[in-house]
Amino acid sequence: MDITVYPRLLNGTIQSIPSKSQAHRLLICGALSDAPFHLYCPSTNDDIEATADCLNALGAHITSIEGGYWVEPINQLPKSAFLYCRESGSTLRFLLPVVAALGVEATFIMEGRLPERPLSPLWEELQRMGAVLSRPTKNTISCSGKLHSGHYTIDGSISSQFITGLLFALSIIGNSKLTVTGQLESKPYIDITEDALSLFGVSADGYEFSPTVSYHTPGDITVEGDWSNSAFWYGANQLGSSIHICGLNTDSKQGDCAIHRLAPALHKKASIDCRDIPDLVPILAVIAGAQKGAVFHHIGRLRLKESDRVDAVCQMLHALGAKATATADTLTVYPAKYQACTIDSVGDHRIAMAAAIAATVASGPVRILGAQCVRKSYKKFWEDYQLLGGHYE
């Protein structure tokens, strides 16, 4: 779907969508728990649905109901399963260790750029501890064998998702310890995982697990508002729109809640460390380009997202008429007046949404190629954009 967005500031009130990060984790905890419950999650997206579908393939019964999901835990594991991850890196990286811990023979099916995204050193650590992994085709992963208890080690500089997956796995097998080496990236996402485990009575204190670990359903749960996607509305406000965003927890463990202090800081040229907030870079770059410019540090991992997100951000800004340069780990954005242009989303939901916000202050229409990719994290983005007065066709 290619759309043309016309310059127009946005105005109104918007309800934040549920946190994708928290929803993934709560669904997994629920599938491993001892009793059914309601998970209040009033809107969903392709990634969350991928995790729910995969958990159902493993024997859970997660059904969509009005306002969210009814979650029934796994009662009996299948002998084998096919897990359709779509393009969700979280689904794959969380559930590959879980499947290995459960000892289910499974085939993971991947779409889009997901087969190209790194699994090392998680892959090697799972194999070292009992999993049997292979790539029968480019788009599939075969997993068999079963993880055993012991001391696990993972480099924390590649992806926090590896750590989350291992925390789930070690909670299943028990009597194990996880040591994280190197520079830990995106620590707030680990905090979200620990909070989800704690909610179900599982302690990951020091990443050590006792011989017997049990998940206990705490009752019905509400997924908190998503700061990552609300960041685009915050960005619009910095460019002159007037949007009131409801349903966000300012004390959230979500790292992207930093948007409420970082966005205003871009009224002057800023230097921002992105180690814990990689998903904010596209919208922060758009704000910076429309204002005083900025230098973003520790952005190397963005090359391994749904796109080479560093290159995609640079190409987006170049199309808008702004200069942006990148090194291996730094992105520098220079200020400019945004112009009419065509932007290729390269299938990356955060590029498409950032481009839509840039269009609010462009001198002419901005055409966005592949605009349907927003479904990955924010199915109703274009509907909400229109409700706020945005105009596209």
- Task: Among the residues of region 46-83, write down those that are in a loop (DSSP other than H, G, I, E, B) and closer than 26 Å to residue 100 by Cα.
- Result: 58, 59, 60, 73, 74, 75, 76, 77, 78, 79
- Could you please give the count of residues in region 128-149 that are within 21 Å of residue 175 (Cβ to Cβ), surrounded by 15 or more Cβ atoms within 10 Å (Cβ to Cβ) and either at pLDDT below 95 or of a type outside the set (A, V, I, L, M) (or both)? 4
- Got at least one residue in region 315-338 being closer than 20 Å to residue 87 by Cβ and of a type in the set (Val, Ile, Thr)? no
- The listed residue being among the aliphatic types (A, V, I, L, M) and more than 30 Å from residue 324 (Cα to Cα), out of 265, 196: 196
- Looking only at region 294-325, which residues are more than 18 Å from residue 157 (Cβ to Cβ) and crowded, with 19+ Cβ neighbours inside 10 Å? 294, 306, 307, 312, 313, 314, 316, 317, 319, 320, 322, 324
- Message: The conditions are (1) in contact (Cβ under 8 Å) with a residue 60 or more places away in the chain; (2) surrounded by 19 or more Cβ atoms within 10 Å (Cβ to Cβ); (3) not assigned by TED's automatic domain parsing to the domain that holds residue 279, and residue 62 fails exactly one of them. Which is it?
- Response: (1)
- Test: residue 252 is more than 27 Å from residue 196 (Cα to Cα), among the hydroxyl-bearing types (Ser, Thr, Tyr) and part of a loop (DSSP other than H, G, I, E, B): no
- Message: Take residue 12 and tell me if it is surrounded by fewer than 22 Cβ atoms within 10 Å (Cβ to Cβ), touching a Lys or Arg at 6+ places or on another chain (Cβ under 8 Å) and farther than 21 Å from residue 349 by Cβ.
- Response: no
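Per-residue answers, yes or no, for (1) farther than 21 Å from residue 8 by Cα; (2) assigned by TED's automatic domain parsing to the domain that holds residue 11; (3) under 19 Å from the mean Cα position of the chain (by Cα):
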residue: 285; (1), (2), (3): no, yes, yes
residue: 321; (1), (2), (3): no, yes, no
residue: 332; (1), (2), (3): yes, yes, no
residue: 341; (1), (2), (3): no, yes, no
residue: 361; (1), (2), (3): no, yes, no
residue: 371; (1), (2), (3): no, yes, yes
residue: 386; (1), (2), (3): no, yes, no
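The values are calculated or read from the model by the stated rules, or taken from the named source; none is laboratory data. Because the structure is predicted, anything quoted here is derived from the model rather than measured. Every residue, glycine as well, gets a Cβ built from its backbone with ideal geometry; the counts of neighbours run over all protein chains shown.
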